[in-house]
1. Kindly indicate which of Ser380, Ser367 is hydroxyl-bearing (Ser, Thr, Tyr) and open to solvent by less than 50 Å² (accessible area, probe 1.4 Å).
2. What are the residues in region 383-439 that are part of a strand (DSSP E or B), farther than 30 Å from Pro568 by Cα, open to solvent by less than 30 Å² (accessible area, probe 1.4 Å) and of a type in the set (A, V, I, L, M), if any?
3. Check Leu76, Leu110 and return the single one that is under 25 Å from Glu27 (Cα atoms) and outside any strand (DSSP E or B).
4. Does Ile262 fit the bill of being hydrophobic (A, V, I, L, M, F, W, C), surrounded by 22 or more Cβ atoms within 10 Å (Cβ to Cβ) and touching a Ser or Thr at 6+ places or on another chain (Cβ under 6 Å)?
5. Somewhere in region 564-572, is a residue of a type in the set (Val, Ile, Thr) and within 30 Å of Thr596 (Cβ to Cβ)?
6. Pairs please, first residue from region 353-380 and under 16 Å from Ala324 (Cβ atoms) and β-branched (Val, Ile, Thr), second anywhere and in a loop (DSSP other than H, G, I, E, B) and open to solvent by 20 Å² or more (accessible area, probe 1.4 Å), Cβ atoms under 8 Å, 6+ apart in sequence or on different chains.
7. Between Leu227, Leu208, which is more than 26 Å from Gly300 (Cβ to Cβ) and either part of a strand (DSSP E or B) or among the aliphatic types (A, V, I, L, M) (or both)?
8. Any chance you could count how many residues in region 471-499 are more than 17 Å from the chain's Cα centre (by Cα) and of a type in the set (Gly, Ala, Ser)?
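The values are calculated or read from the model by the stated rules, or taken from the named source; none is laboratory data. Small disclaimer: the values here were computed from a predicted structure and weren't measured. Quick reminder, even Gly has a Cβ in these numbers, built from the backbone with ideal geometry, and neighbours come from all protein chains shown. With ligands, DNA and RNA removed, areas are computed over all heavy atoms of the protein, side chains included. Shrake-Rupley method; radii C 1.70, N 1.55, O 1.52, S 1.80 Å.
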Amino acid sequence: FILPDDQALTVPIYKTLPGTLDECTIENDHTAYGPGDVVESFGIFIGKKSDGSCTTNENNRYGNFLIEKGEVEDELGNRYEAYKVKYPDHIPTQRQSSNSRLMFKIEGALVPGSLYNVMKIQPPMSHPTVTVGDHDISVETEGQFVTTSALVAPPGSPQAGGPDAIFFVVPAIDLVSAWPAFPTTGLRVEATIFSKDGLSLYAEVLGLQTEVFHSPFNPSINQAVGLDDHVHKYGYRKVYFPIVGASGDEGIVWQDQTTFFIYVTWIGVGDDESAITIQLPENNSGDFYLLGAVSETTNGDIVYMLMDRTADSDDPYSALTVKAVKVNKNGVLITASTLDTSTSGGVNIHAYSSSAGTLAWNESQNSIAWFIARTYIRGSDGLNHQALSVILLDPGDLSVVSDKQVTSHSWNNYIIDSGDGFLSADLGDNYPRGIHVNKITPQASISGDVVYTFKTQHGTTAQNPAGNTFPVYEDISNNEQTFYQWSNDNDVYTEMAQPALLELDDSSLIIVFAGEFPSLDSSQTGANLNNPRNIGIVKVDANDFTNVLSKGVDATGGFYKFGGVWTPQENKGVIQLTQFTSGGAGRRELSSVDKTQWDNATRVKTAKLSNGNIVIVYEVWSSATYKRTEYMVIDSLGGVVTPSTFIPYALRLAPQDPAVMIYDDTVTIVGYDGLSLVRYHIQLGGGHPATDTNAPSVNPSHPPSVIPSGEPSGSPEEPSKVPSVMPSGSPEEPS
């Protein structure tokens, strides 16, 4: 088009910033920067190290960022000065000790103490996401640079927004979003993100705005832990609990990540455009984690579980406060029960464990099952063990009916009501070691088996921590690494999908996971990530988990336990669905391999379609950062119907939340884009089941529109290396 005579063409400004200015220097003197450190109102500095000190050592930082200055414009015509950050030329040659961050200044009239937000637009620009890099930054002096926590490196990381992320600064009262129209309080809007080649992605944006800004879990920021980080193995609690109440009412129970208050958001169906959010009782002080929520369909009552977020670190014999709460659909308290968590007839809970819990309600059997991982009160051996148990509750008064241990340690879990009881899967590192599938009756009878198991790192010294000495494990040792015949491996090299298992119409189960292949090669260990993670499945008889029905790869192996006892392992019928490779690098070359170039499947979600096929949605990460989101479709035998396909939108997935099927052949995933709670719907075949055929589409040419600011902060939660609970009468005890 032709610009009017009075409007000049904006010419982009390019400049390379070395990014060598450190936070300690500018903190002491806000004018201590040179022309080379900034480009007009934008600058990059090196943040402090975790110990509060500063370094400019080029071996431990990124540098030489190419910056492009331009503008972004919202749908109302408002323009904001913006800066695109390209991939830096200088890469750290050693462990990165500090992050590169953004600083900015405000020119012109300024009221001291005015608040500003740093916004970022993340590529691809065909389907951008707009989130908050830092919020409520107080600016006191006109023309003076202010430091922020908004990351520009490491590049490609979820926090930094990836290469070519665009940053701009707005007054905190200016509300900015990628959505074309943002709902007001108590309403929802729908937006089609794309519809192409038989795949549609649309979103329901839920209006949560009140006088207090909400901070639901943000999959891009909270728990953004890479696969090569040892924290990743321990799993993470589920954060969004989709529920269905009376008359098919749809809702989400969720927890604010700043206040830790708990809410239910009821979502209107069809022409009902409401999104009503209600704060739930019994956690008004924010002292508890939400560790499971479920509803019943007769009256729409909701039951949820609360666990104190903080254990008494000075008293390993202390019991943690745990509550079971029941409310009606309007959030009115019906009953609450404080569980006896002592060792004297109680359920024995000392501390929260990051893999947390899942809740299921079998209405026909009048039973609720809470699958919960936690740390026990210290035992007679002087240790606080970690394990997973199933606690059965009476739905009436929420009293404990039974409590039985299932697995130790357990880093992930899933349970559903099924027939006359419950069906579960969990990921254990020791007793047993593998994906453990069980049937659980309302009378607390448990029967099951390991359907998939994995390799084990063995000791690299002859003596184990108990002081016992063992011979060399010749089969997996070589000149570069010697292993010995004992192990104490908390790594599982595996991640269960969510849902972890799907019930098929032919009385079978399909178990989906991401793992390292070959599955039982214990020489391929020594790191948290040793081979790229690929998606695999196993199909078993629903009435006999030892009867493997899938036609895949069989493997045999085993490991030496902590006390040197040999434990055989076997996998049958494992089908590997994705084919991510390491470029031929094996364990022996890991020290020289750039795992940041690998592709890994993680945060895997599954759902069964009406034709019996299974859709699998997953994120692809390098060893440390998010890359993209893909999906694939398989048939009931594990055959690939639709190969791995890129979703052209940064659809971020909560680590261990299950996908759900609310509409026919539509996979629903609850998420948060940094600004709003969103239900994403993926439909195969084009179109979407929304009744509003006039729902707007996202307009990528106008990324910002009006919405509230703010973004939750979050950091990985890391448990101590905890010992396994041994079976009764076992002579062995790992440290």
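1. Values: Ser380 fails: open to solvent by less than 50 Å² (accessible area, probe 1.4 Å).
Residue meeting the stated conditions: Ser367.
2. Ile391, Leu392, Leu393
3. On the way: Leu76 fails: under 25 Å from Glu27 (Cα atoms).
Result of the check over Leu76, Leu110: Leu110.
4. Details: hydrophobic (A, V, I, L, M, F, W, C): yes; surrounded by 22 or more Cβ atoms within 10 Å (Cβ to Cβ): yes; touching a Ser or Thr at 6+ places or on another chain (Cβ under 6 Å): no.
Judged against the criteria, Ile262 is not a match.
5. Within region 564-572, the first condition is being of a type in the set (Val, Ile, Thr), and the residues that meet it are 565, 567.
Within this subset, residues satisfying the condition of being within 30 Å of Thr596 (Cβ to Cβ) are none.
Among the residues of region 564-572, not one is of a type in the set (Val, Ile, Thr) and within 30 Å of Thr596 (Cβ to Cβ), which makes the answer no.
6. Ile368/Asp394
7. Details: Leu208 fails: more than 26 Å from Gly300 (Cβ to Cβ).
Among Leu227, Leu208, only Leu227 is more than 26 Å from Gly300 (Cβ to Cβ) and either part of a strand (DSSP E or B) or among the aliphatic types (A, V, I, L, M) (or both).
8. 2
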